[in-house]
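Engineer: Take a look at the following structure, please.
The values are calculated or read from the model by the stated rules, or taken from the named source; none is laboratory data. Note that the coordinates shown come from a computational prediction; the quantities given were computed from them, not determined experimentally. Cβ coordinates were reconstructed from backbone atoms using ideal geometry, including for glycine residues, and neighbour counts include every protein chain displayed.
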């Protein structure tokens, strides 16, 4: 019987544990854009295709990741995520900015570009 391998075409990394999150944030040589979300959150579902599109458009300029707050509550607590979606940007391992709630594609690109150009 042959083995089936599924390869994701998504430019977004899904991080649902503290260790893999910390490794990515610390080792990243580019800004890391993290979407804190939950499956039961309607605004998060609205943001999902926008986040994916922006990740494709800015591929190579930043690293894009998602953290499900229900699967990684330690990370939500560490970064005081009180509302979702919350999108945070990390530069050199440290959080530098955040934006709360669902936003449009152009607003998200502008938010991220400020940190790409400044890094």
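Engineer: So in the stretch 47-60, with the set limited to residues that are surrounded by 14 or more Cβ atoms within 10 Å (Cβ to Cβ) and touching a residue at least 24 places away in the same chain (Cβ under 8 Å), which one is farthest from residue 113 (Cα to Cα)?
Structural biologist: Looking only at the stretch 47-60, we keep the residues that are surrounded by 14 or more Cβ atoms within 10 Å (Cβ to Cβ), and these are 47-48, 50-55, 58.
Still in the list and also touching a residue at least 24 places away in the same chain (Cβ under 8 Å): 47, 50-55, 58.
Working: 47: 18, 50: 15, 51: 14, 52: 16, 53: 15, 54: 11, 55: 12, 58: 9 Å.
That would be 47.
Engineer: Another question, if that's okay. Kindly establish whether residue 51 is touching a strand residue (DSSP E or B) at 6+ places or on another chain (Cβ under 6 Å) and not in a helix (DSSP H, G or I). It would help to see each step written out before you state the result.
Structural biologist: Numbers: touching a strand residue (DSSP E or B) at 6+ places or on another chain (Cβ under 6 Å): yes; not in a helix (DSSP H, G or I): no.
Answer is no for this residue.
Engineer: Separate question: If I filter the stretch 29-44 for residues that are surrounded by fewer than 20 Cβ atoms within 10 Å (Cβ to Cβ) and in contact (Cβ under 8 Å) with a residue 60 or more places away in the chain, do I get at least one hit?
Structural biologist: Taking the stretch 29-44 and keeping what is surrounded by fewer than 20 Cβ atoms within 10 Å (Cβ to Cβ), we get 29-30, 38-43.
Now restrict to residues that are in contact (Cβ under 8 Å) with a residue 60 or more places away in the chain: 30.
Yes, because at least one residue in the stretch 29-44 is surrounded by fewer than 20 Cβ atoms within 10 Å (Cβ to Cβ) and in contact (Cβ under 8 Å) with a residue 60 or more places away in the chain.
Engineer: So, of the residues in the stretch 61-91 that are without any contact (Cβ under 8 Å) to a residue 24 or more places away in the chain and in a loop (DSSP other than H, G, I, E, B), which turns out to be farthest from residue 38 (Cα to Cα)?
Structural biologist: Once the filter is applied, the top-ranked residue is 80.
Engineer: Mind checking which residues of the stretch 1-38 are modelled with pLDDT of 95 or more, under 12 Å from the mean Cα position of the chain (by Cα) and either over 22 Å from residue 70 (Cα atoms) or assigned to a loop (DSSP other than H, G, I, E, B) (or both)?
Structural biologist: 31
Engineer: Return a yes/no flag: does the stretch 67-74 have any residue that is loosely packed, with under 13 Cβ neighbours inside 10 Å and on the phi > 0 side of the Ramachandran plot.
Structural biologist: No, every residue in the stretch 67-74 fails to be loosely packed, with under 13 Cβ neighbours inside 10 Å and on the phi > 0 side of the Ramachandran plot.
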